[in-house]
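J.: Structure in structure tokens, see below.
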């Protein structure tokens, strides 16, 4: 049984090396006698995408986006020129709104 697992692991390593999947995040799952190689997609959107989402709403922003309580937060100005915070969903890139700190 261990010899089969060793052979399956070696074949998976060779397949990753040949396909160039080593650059992407890959997961090797061994279930019983099967070895499955899966590519894992990135979990969050890139920070540059946050700028595009906020810019599409014609909102002026300040600084860099950061993660806070599970959302991307970007400091910005509201319509009246007050400092506010824009929230963007990190998984879908959806604009969630502006919150103003009084």
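J.: What ranking of 35, 92 emerges when the number of other C-beta atoms within 10 Å of each C-beta is taken as an exposure proxy, fewest first?
T.: In increasing order of surrounding Cβ atoms, one gets 92, 35.
J.: With the crude spin-label approximation of a point 7 Å out along Cα→Cβ, what separation in nm comes out for residue 14 versus residue 58?
T.: Between residue 14 and residue 58, the simple spin-label model gives 6.1 nm.
J.: Describe numerically, in nm with one decimal, the distance between label points set 7 Å from Cα along Cα→Cβ at residue 69 and at residue 89.
T.: A separation of 1.8 nm, rounded to one decimal place.
J.: Fully extended, how many nm does the chain gain between residue 2 and residue 82 (0.36 nm per residue separation, minus their Cα-Cα distance)?
T.: Answer, rounded to one decimal: 22.3 nm.
Read the figures in this text as sums done on the coordinates, not as results from a lab. Treat the numbers as computed from the prediction; the structure is a model and nothing was measured. Ideal geometry is used to build each Cβ from the backbone, glycine not excepted, and the neighbour counts take in all protein chains shown.
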